[in-house]
Every structure is written in structure tokens, then in C-alpha cells.
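Chemist: Could you have a look at this structure, given as C-alpha cells, before my questions?
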Amino acid sequence: MRLTSIVLLVLMLSGCGYSFSGMSKSAYPTIQTVFVDTFTNKTSEANLDVILRTAFSNEIVRNGHFKLTSNRGEADAIFRGSVLNLQVAPLAYKVGSLSAEDRITVTLELFFDERVSGRNLWTNGSFIGTGDYRVTAVGATEINRRNSLIKLAGDAAEKAYQLMMSDF
């Protein structure tokens with residue numbers, strides 16, 4: 001019984017050997033520090049660039065693979081992006097054809113470049129993020145919309161980071 005327990009423990013600790021692509025080793029072994037540049041906002045949504053830059057900075061810190069630097073000149077790589085488009089469309093309706101829930105769709109252009117050489121390491125020219133929010137009273141709807149944009153940015157940063165690290 002004791003021998004069986006030890007064998008099972010060793011097997012559980014050794015794992016099966018599977019891992020997500022790009023997560024166990026770095027796709028960018030020479031990159032240690034990253035600067036997240038200001039996003040360009042080509043939409044009429046105020047502060048969307050700030051929300052996205054914050055989300056991407058937070059994702060780099062959260063993941064811990066790279067060190068985030070606040071100085072462009074100290075970075076090995078620069079992460080930058082542009083908000084190309086923002087669309088809002090009704091997702092669900094109330095009685096009388098009024099919107100009960102809306103979906104925000106944001107299209108981004110993302111770049112991860114080596115700072116010194118300027119060489120592009122990863123890019124996605126049509127990255128899409130979506131978020132939903134309830135349409136209620138005027139003030140509450142704006143809060144719901146803002147919270148949806150913040151969640152959308154966090155989800156987009158996580159997804160883009162995973163794609164970047166797996167070299168997709």
C-alpha cells in the first residue's frame with residue numbers, strides 16, 4: 001500500500017509532459033524588459049487608448065515572463081498598438097424594440113518590436129475584442145459600458161499575450 005502511494009505521488013508530480021505552446025519556454029529568449037507604448041486611438045471613444053495600455057501593462061506584470069519598464073530607452077522590446085475601430089450593436093431587445101444589452105467590438109492593430117533593431121517580433125493587424133453590457137438608465141448604462149470596456153481590454157490583453165508568446 002505504501003509503495004503504491006509513493007508510485008502514484010511520483011506519477012502525479014511528474015505530470016504528463018504536455019504544456020501550452022510558448023508558455024514553458026520563451027519565444028523571445030533575448031527579450032528581458034518590455035515597454036508598453038501609448039496606444040493610438042482612431043475612434044471617438046475617449047480614453048480607450050489609456051484603458052488598453054493599462055490592460056496590456058498589467059498583463060505583462062501579471063504573467064511575470066518579462067519585466068515591465070517605464071523607460072523606453074531601457075527596454076529590450078516595445079509593445080504598441082492602435083485602436084482601429086469601435087462598434088456598438090444591440091445584442092438583446094426589450095419590449096418596443098429598445099436595446100436591453102449591447103455588444104462592443106474593438107479592432108486593434110498590435111505590434112511587438114525589438115527596440116534596438118526595430119525588427120518586428122510579432123504582429124496582429126486585425127485583433128478583435130468584444131464586451132457586452134446592460135442598457136438601463138442613462139448613468140448606469142455609461143458605468144456598465146465603461147466596465148465592459150475595462151473587461152474587454154483585460155481579456156484582449158490576456159488573449160493577445162498568449163498568442164504572442166505562442167508565436168501565432
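Chemist: From the phi of every residue in the stretch 62-73, what ³J(HN,Hα) in whole Hz does the Karplus formula 6.51 cos²θ - 1.76 cosθ + 1.60 yield, where θ is phi - 60° and glycine or proline is x?
Modeler: Couplings: 4, 6, x, 6, 10, 8, 7, 10, 8, 10, 4, x Hz.
Chemist: Over 25 Å between Cα atoms: which of LYS67/LYS151; LYS67/LYS159; LYS94/LYS159 fall into that group?
Modeler: Too far apart for the 25 Å limit: LYS94/LYS159.
Chemist: Let me ask you something else. Sort 118-127, 99-108 by packing, meaning the average of other beta carbons within 10 Å per residue, with the highest value first.
Modeler: 99-108, 118-127
Chemist: Arranged from highest to lowest average of other beta-carbon atoms within 10 Å per residue, in what order do the peptides 137-144, 152-159 appear?
Modeler: Put in order of decreasing packing, that is 152-159, 137-144.
We did not get these values from a lab; they are worked out from the coordinates using the rules stated. Keep in mind that this is a model prediction, so the values were computed, not measured. Backbone-built Cβ (ideal geometry, glycine too); neighbour counts: all protein chains shown.
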